[in-house]
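One structure is given below, encoded as structure tokens.
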Amino acid sequence: MEHSDKALIFDNSGTTPIRVVTKNGPDVVIEPNAPQWVESQFAAPYRARQASLKQLDAVAKGSAPNITISEAAAQHGRSYRGKVVDQTAHHALQESEDRGFVIHDKALGPKRDFDNGSYAQITYAYDKGKIPAEEVVQRIEREARSKAFKELPRQEAVKQHPELQANFAQLDALKKQIQGQHLTAAEQATVMDRLHENMARAIERGPVPGQSASTETDKSTPPTPSKDHER
């Protein structure tokens, strides 16, 4: 409810609906005649969520008093990357390179555990208004990484997805191997394009169960030059 500008809650347990809660901007008013369920089902959880926001706001301001703190825009396909600084049962505080601190509402995404101090990519996705399973969100994240690896300049791709640095390092190693083979410049370029494409597809697929991501992309090895190339 805190994400809305205005909201009304009615009690429909009687013959005539009665308004029990009114929200107008930051002001929330609970009517005196509100039944008991309003306290347990709305008021107590609302207070807990407000306390959660204040707690994380204090953590962020404690690290840098003038830092920018914003709530994540929970739009389909929107991703945030950075270190998870702290969290509560309701929210997660993430340090963003270009946005200061971002507070995520855990209720707006799939259930996910974060480790404080670890890097995380938090992606919002919705399927017909519903929050999809974590596997769907992970697929969206992989597709975004694959597209960045394939289409963006290295510096921009790594800025958006720091984990791609390892993939580019592997591509550099493969390039050195290819340069040691008896291939023309045009043939080397063709092989590198093919390897780049194969690695992008591997990133999109993700690691095979029981296999690490690095092992999966290791399949992109340079081809052995044919006898025609050796002549």
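Read-outs throughout are calculated quantities, based only on the coordinates presented, and are distinct from any laboratory measurement. Here the structure is a predicted model, which means the values were calculated and not measured. Here Cβ is always computed from backbone atoms with ideal geometry, including for glycine, and neighbour counts include all displayed protein chains.
Worth a mention:
- Semi-axis lengths, Å, the chain, gyration tensor of Cα atoms, sqrt of 5 times eigenvalues: 51, 19, 13
- Size of charge dipole - the chain - debye, nearest 20, with Cβ of Lys, Arg +1 and Asp, Glu -1, no other charges: 240
- Its Cα gyration tensor gives the range 55-187 an equivalent ellipsoid, and the semi-axes of that ellipsoid, as √(5λ) in whole Å with the largest first, are 35, 19, 12.
- Principal axis box of the range 1-74, alpha-carbon based, largest edge first, Å: 53, 20, 20
- Pairs beyond 19 Å (Cα-Cα), from 54/111; 54/106; 147/176: 54/111; 147/176
- Helix 44-63 vs. the chain, principal-axis angle (Cα, 0 to 90°, nearest 10): 50
- In the chain, the calculated helix contribution to ellipticity at 222 nm averages -12500 deg cm²/dmol per residue, counting -39,500 (n - 2.57) for every DSSP H run with n ≥ 4.
- Modelled label reach - residue 205, point 7 Å along Cα→Cβ, the range 143-172 residues with backbone N closer than 16 Å: 143, 146-147
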